[in-house]
1. Can you tell me which residue within the stretch 145-164, out of those that are in a loop (DSSP other than H, G, I, E, B) and touching a residue at least 12 places away in the same chain (Cβ under 8 Å), is nearest to G46 (Cα to Cα)?
2. Of all residues in the stretch 135-144, how many are surrounded by fewer than 16 Cβ atoms within 10 Å (Cβ to Cβ) and either acidic (D, E) or in contact with a strand residue (DSSP E or B) (Cβ under 9 Å, 6 or more places away or on another chain) (or both)?
3. Give the stretch 145-164 a look and list any residue that's out of contact with any Ser or Thr (no Cβ under 8 Å at 6 or more places or on another chain), surrounded by fewer than 17 Cβ atoms within 10 Å (Cβ to Cβ) and not polar (S, T, N, Q), or say none.
4. Are any residues in the stretch 131-148 of a type outside the set (S, T, N, Q) and within 19 Å of D68 (Cα to Cα), and if so, which ones?
5. Every residue in the stretch 75-96 that is touching a helix residue (DSSP H, G or I) at 6+ places or on another chain (Cβ under 8 Å), aliphatic (A, V, I, L, M) and under 16 Å from T145 (Cβ atoms), please.
6. Is there a residue in the stretch 112-125 that is under 30 Å from L24 (Cβ atoms) and touching a residue at least 60 places away in the same chain (Cβ under 8 Å)?
7. Would you check which residues across the stretch 102-146 are within 22 Å of M38 (Cβ to Cβ) and among the charged types (D, E, K, R) and list them?
8. Could you tell me which of the residues R130, R137 is outside any loop (DSSP other than H, G, I, E, B) and either more than 21 Å from L44 (Cβ to Cβ) or aromatic (F, W, Y) (or both)?
Amino acid sequence: MVSAIDDLLSHNRSYVKTHGHRELPTAPRLHLAVLTCMDSRLDLFGALGLDLGEVHLVRNAGGIASDDAVRSLLLSQRLLGTRAVMVIHHTRCGLETFDEETLQDEITSTLGARPPFRLGAYLDVEEDVRSTVATLRSSPFIDDTEIRGFVFDVDDGELHEVVD
């Protein structure tokens with residue numbers, strides 16, 4: 001039985017044959033960074049009409065403004081010239097399906113250690129987008145020239161802006 005990783009490596013060998021050599025600049029052409037969820041249902045290249053080299057995608061569970069996400073956005077802005085941040089959360093996210101404290105307690109009981117980080121559970125996706133945008137705007141490490149939040153509908157692909 002072929003593992004998923006081996007299958008992807010096979011796809012990569014085919015991709016290399018058709019990709020051709022092209023040297024893209026490190027800085028994203030649109031000077032934009034997108035903080036979004038790791039959910040595999042989000043095809044942001046397709047949904048936003050993006051191509052390689054146009055934006056930085058920072059992905060984690062829930063698209064939350066974790067220390068590591070802020071680190072990535074800081075480097076994106078300071079070293080690679082991004083000037084705007086787009087926060088994209090989505091409908092039917094797994095982070096809406098559990099209670100933070102209950103899961104933290106279960107993990108502690110099962111593994112014998114409590115995670116030192118917030119898991120990111122929430123009840124209202126639009127409120128969570130507002131909270132993430134507010135966290136980024138208040139960070140001394142993020143240039144808040146333009147930070148806007150959106151919700152992506154995983155069922156129909158529509159993106160709608162969440163206003164403050």
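1. Going through the stretch 145-164, the residues in a loop (DSSP other than H, G, I, E, B) turn out to be 145, 153-158, 163-164.
Filter once more, so that each one left must be touching a residue at least 12 places away in the same chain (Cβ under 8 Å): 145, 153-155, 157, 164.
Working: T145: 26, D153: 14, V154: 13, D155: 14, G157: 10, D164: 27 Å.
Only one residue fits best here, namely G157.
2. 2
3. Just the residues of the stretch 145-164 that are out of contact with any Ser or Thr (no Cβ under 8 Å at 6 or more places or on another chain), to begin with: 145-148, 150, 156-164.
If we keep only those that are surrounded by fewer than 17 Cβ atoms within 10 Å (Cβ to Cβ) as well, we get 145-146, 148, 156-161, 163-164.
Residues satisfying the conditions are E146, R148, D156, G157, E158, L159, H160, E161, V163, D164.
4. Narrowing the stretch 131-148 to residues of a type outside the set (S, T, N, Q): 133-134, 136-137, 140-144, 146-148.
Across the stretch 131-148, the qualifying residues are V133, A134, L136, R137, P140, F141, I142, D143, D144, I147.
5. Hits for the stretch 75-96 are V85, V87.
6. First, pick out the residues of the stretch 112-125 that are under 30 Å from L24 (Cβ atoms): none.
Scanning the stretch 112-125 turns up no residue that is under 30 Å from L24 (Cβ atoms) and touching a residue at least 60 places away in the same chain (Cβ under 8 Å).
7. If the condition is that a residue be within 22 Å of M38 (Cβ to Cβ) and among the charged types (D, E, K, R), then E106, R118, D124, E126, E127, D128, R130 are the ones that fit.
8. Numbers: R130 fails: either more than 21 Å from L44 (Cβ to Cβ) or aromatic (F, W, Y) (or both).
Criteria check complete, one pass: R137.
FYI, it's all coordinate maths here, none of it is from the lab. Since the model is a prediction, treat every value here as computed from it, not as a measurement. Neighbour counts run over all protein chains shown; Cβ positions are idealised from the backbone, glycine included.
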